[in-house]
Amino acid sequence: QVQLVESGGGLVQAGGSLRLSCAASGMIVRINAMGWDRQAPGKQRELVARISSDSDTYYADSVKGRFTISRDNANNTMSLQMNSLKFEDTAVYYCNIVVGWSNYWGQGIQVTVSS
């Protein structure tokens, strides 16, 4: 079993910053890709950022230049630094990891940006 624990969400004013973290534990030999998705009320879940095992990164256009994803392979953790937050960044954010051929998801953490 693999467990993912997300932390760092909350309420912030527009223009502010938050840092999300995700810690993975359990039957993990090696984590391949890691990433964050989000789902806003009434909208489909969307990819926010991804980071490969070689630390290659991908960002959705909507967050490019504002969000930075990073990972610590030694501790099986991942972070998402979110700067210049906008009202439209309000969503539940989900941590995702790929171990072997399996995808694992966290339970989600709320990020609310007030305008």
Self-check item: Subset of the stretch 80-103 [crowded, with 18+ Cβ neighbours inside 10 Å and within 15 Å of R38 (Cα to Cα)]
Solution: L80, M82, L85, D89, T90, A91, V92, Y93, Y94, C95, N96, I97
Quiz item: Does G16 count as modelled with pLDDT of 95 or more, under 18 Å from F87 (Cβ atoms) and not in a strand (DSSP E or B)?
Solution: yes
Quiz prompt | Counted residues, the stretch 24-49 - those being part of a strand (DSSP E or B), open to solvent by less than 60 Å² (accessible area, probe 1.4 Å) and not polar (S, T, N, Q) | solution = 9
Self-check item: Test for V63: is it open to solvent by less than 60 Å² (accessible area, probe 1.4 Å), assigned to a loop (DSSP other than H, G, I, E, B) and of a type in the set (V, I, T)
Solution: yes
Quiz item: Can you tell me which of S114, S52, S21, S70 is on the phi < 0 side of the Ramachandran plot, surrounded by fewer than 14 Cβ atoms within 10 Å (Cβ to Cβ) and hydroxyl-bearing (S, T, Y)?
Solution: S114
Quiz item: Name the pairs: first residue in the stretch 94-115 and closer than 21 Å to S84 by Cβ and outside any strand (DSSP E or B), second residue among the hydrophobic types (A, V, I, L, M, F, W, C) and open to solvent by 20 Å² or more (accessible area, probe 1.4 Å), Cβ to Cβ under 8 Å, at least 6 apart or on different chains?
Solution: S115/A14; S115/F87
Quiz prompt | Boolean, S53 is part of a strand (DSSP E or B) and over 11 Å from the mean Cα position of the chain (by Cα) | solution = no
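The values are calculated or read from the model by the stated rules, or taken from the named source; none is laboratory data. This structure is a prediction, so every number in the text was calculated from the model and none was measured. Neighbour counts are summed over all protein chains in view; Cβ atoms, including those assigned to glycine, are modelled from backbone coordinates with ideal geometry. These area figures cover heavy atoms from the full protein model, side chains too; ligands, DNA and RNA do not enter into them. Shrake-Rupley method; radii C 1.70, N 1.55, O 1.52, S 1.80 Å.
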